Amino acid sequence: MLAKANQRLSEPDEKAYLDELRHLPVAVENVLELEPSIKAWAKHFANKHHALFLGRGRHYPIALEGALKLKEISYIHAEAYPAGELKHGPLALVDAEMPVVVVAPNDELLEKLKANMQEVSARGGQLYVFADGDSQVASCEGVNVLQMPEHYGLLSPVLHVVALQLLSYHVALVKGTDVDKPRNLAKSVTVE
């Protein structure tokens, strides 16, 4: 509505965005069908003490959400970084014992993200990549790729966050933590 009111959105673009929004429930259902693969990944995280999440652009906040959920319900220390900042500290922590989760949509930042992934691999890091089907990121030694069902443009973060939340959920189940009552967390803010 704001873009339309400021004359920054054409009618064809508005229609396209509305069509994408209407299709979003189906797209989320398609992500939920990835649950068996995500469940298999969860077994690799359960005995880890730390995890790193990487994203670029609009997907960096999604990486932050993934790390937060993993912390909250599985009690694994997790941090998220913008992938472009990898050399400014977190790369020093990467080894075979720290899984690195990457949100890899097929967007204008994908090639730079692939370079970041190579840096992790070169240091023996284990990558767990949520990639769009057309992103040409392939599984190989130390690189586990889960193909998202479709690239969803500006709404892609919605699909990726669902996948990351499922990962956290299944890691917590494998560890046996109570996903409904995380320790030390309040359901509402009672103090300022």
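The values are calculated or read from the model by the stated rules, or taken from the named source; none is laboratory data. Computed from a predicted model, the values in this text were never measured in an experiment. So basically every Cβ, Gly included, is an ideal-geometry build from the backbone, and we count neighbours across all protein chains shown.
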Name, by its number, the condition in (1) farther than 16 Å from VAL103 by Cβ; (2) out of contact with any helix residue (DSSP H, G or I) (no Cβ under 8 Å at 6 or more places or on another chain); (3) without any contact (Cβ under 8 Å) to a residue 60 or more places away in the chain that does not hold for GLU33.
-> (3)
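Yes or no: HIS160 part of a loop (DSSP other than H, G, I, E, B) and in contact (Cβ under 8 Å) with a residue 24 or more places away in the chain?
On the way: part of a loop (DSSP other than H, G, I, E, B): no; in contact (Cβ under 8 Å) with a residue 24 or more places away in the chain: yes.
When the stated conditions are applied, HIS160 does not pass them.
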Scan of the range 148-173 for residues that are in contact with a Lys or Arg (Cβ under 6 Å, 6 or more places away or on another chain) and at pLDDT 95 or above, ordered by number | GLN165, SER168, HIS170
Pairs with Cβ under 7 Å, 6+ apart, first in the range 6-28 and over 18 Å from ASP132 (Cα atoms) and modelled with pLDDT under 90, second aliphatic (A, V, I, L, M) and not in a loop (DSSP other than H, G, I, E, B) = LEU9/ALA3
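What about HIS59, is it more than 20 Å from VAL145 (Cβ to Cβ) and in contact with a helix residue (DSSP H, G or I) (Cβ under 8 Å, 6 or more places away or on another chain)?
Working: more than 20 Å from VAL145 (Cβ to Cβ): no; in contact with a helix residue (DSSP H, G or I) (Cβ under 8 Å, 6 or more places away or on another chain): yes.
Against the criterion (more than 20 Å from VAL145 (Cβ to Cβ) and in contact with a helix residue (DSSP H, G or I) (Cβ under 8 Å, 6 or more places away or on another chain)), HIS59 does not qualify.
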From the list LYS87, LYS112, LYS69, which residue is among the basic types (Lys, Arg) and modelled with pLDDT under 90?
-> LYS87
Scanning the range 134-179 residue by residue, those in contact with a helix residue (DSSP H, G or I) (Cβ under 9 Å, 6 or more places away or on another chain), of a type in the set (Asp, Glu) and more than 16 Å from LEU32 (Cα to Cα) turn out to be GLU141, ASP178
For the range 51-61, which residues satisfy the criterion of being at pLDDT 95 or above and surrounded by fewer than 23 Cβ atoms within 10 Å (Cβ to Cβ)?
-> TYR60, PRO61
Near pairs, Cβ below 8 angstrom, 6+ apart or cross-chain, from the range 70-99 (among the basic types (Lys, Arg)) to any residue that is assigned to a helix (DSSP H, G or I) and modelled with pLDDT of 90 or more | LYS87/GLU119
Filter the range 126-150 down to the residues that are hydroxyl-bearing (Ser, Thr, Tyr) and not in a strand (DSSP E or B), then identify the one that is surrounded by the fewest Cβ atoms within 10 Å (Cβ to Cβ).
-> SER139
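Conditions (1) β-branched (Val, Ile, Thr); (2) part of a helix (DSSP H, G or I); (3) within 16 Å of the chain's Cα centre (by Cα), marked per residue:
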| residue | (1), (2), (3) |
| --- | --- |
| LEU21 | no, yes, no |
| TRP41 | no, yes, yes |
| ARG58 | no, yes, yes |
| GLU65 | no, yes, yes |
| TYR81 | no, no, yes |
| HIS88 | no, no, no |
In the range 136-162, which residues are touching an Asp or Glu at 6+ places or on another chain (Cβ under 9 Å) and among the small types (Gly, Ala, Ser)?
-> GLY153, SER156
